[in-house]
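I have placed the structure first, in the form of C-alpha cells, so that the comments after it can refer back to it.
The values are calculated or read from the model by the stated rules, or taken from the named source; none is laboratory data. Predicted model only: the values in this text are computed from it and were never measured. Cβ sites come from the backbone with ideal geometry, for glycine too, and all protein chains shown count toward neighbours. Note: accessible area is taken over every heavy atom of the protein model, side chains too, but ligands, DNA and RNA are not part of it. Shrake-Rupley method; radii C 1.70, N 1.55, O 1.52, S 1.80 Å.
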Amino acid sequence: QVQLVESGGGLVQPGGSLTLSCSVSGIHFDYYAIGWFRQAPGKEREGVACVSLGLTTDYADSVAGRFTITRDNAKKTVYLLMNSLKPEDAALYYCSASPHRCAFAVGRVDYWGKGTPVSVSS
C-alpha cells in the first residue's frame with residue numbers, strides 16, 4: 001500500500017518555526033521527487049518546495065529563504081523546515097510524490113498525503 005504520511009503541523013505564532021515530516025512507503029523512494037504543496041481555504045493548491053532524486057531543490061518564491069526541504073533516503077522521509085512563518089503560510093500542507101523530477105503542477109503528482117494543518121496566528 002502506498003502511503004505518504006505527514007506529521008508536524010500545528011499552531012505557531014508569526015515569526016515562529018515548524019518542521020513537517022513526510023514518511024513514504026509502498027513506492028520506490030529513489031524513483032520519486034518528493035515535494036510539499038499547500039492549500040488555504042478558498043485558494044488553489046500551490047507547490048511550496050520539492051527535492052529531486054539528485055537532491056536538486058525548488059522553492060516557491062513566497063517561501064524561498066525561509067523554508068528548507070531535506071531528504072533522508074535511508075529513512076524514506078522528507079522534511080520541510082519552516083522558519084519566519086507568516087499568517088499567509090497558514091494552510092493544509094500536503095506531501096507529494098512525482099516521477100523522477102520536481103514539479104509544482106498538481107497533474108504531475110502521482111501520490112498525495114492526507115495533509116497536515118499549519119496555523120499561524122498571534
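Key figures
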quantity	calculated
Per-residue ³J(HN,Hα) for the range 53-70, Karplus 6.51 cos²θ - 1.76 cosθ + 1.60, θ = phi - 60°, Hz, x for Gly and Pro	4, x, 6, 5, 10, 10, 9, 5, 4, 5, 10, 4, x, 10, 10, 9, 9, 10
Portion, in percent, of the accessible area of the range 28-71 that falls on carbon or sulfur, probe 1.4 Å	47 percent
Average Cα contact separation per residue, the chain, under 8 Å, 6 or more apart, as relative contact order %	36 percent
Surface accessible to a 1.4 Å probe, per residue, for the residues of the chain, Å²	51 Å²
The chain, dipole about Cα centre (Lys/Arg Cβ +1, Asp/Glu Cβ -1), debye to the nearest 20	120 debye
Area accessible to solvent at Asp30, 1.4 Å probe radius, in Å²	110 Å²
Percent breakdown of C-alpha pair distances by 10 Å bin, ordered from the shortest bin, for the range 1-76	16, 48, 31, 5
Where Cα atoms sit under 20 Å apart: lysine pairs in the chain separated by 8 or more or lying on different chains	4
Accessible-area ranking of Lys76, Lys114, largest first, probe 1.4 Å	Lys114, Lys76
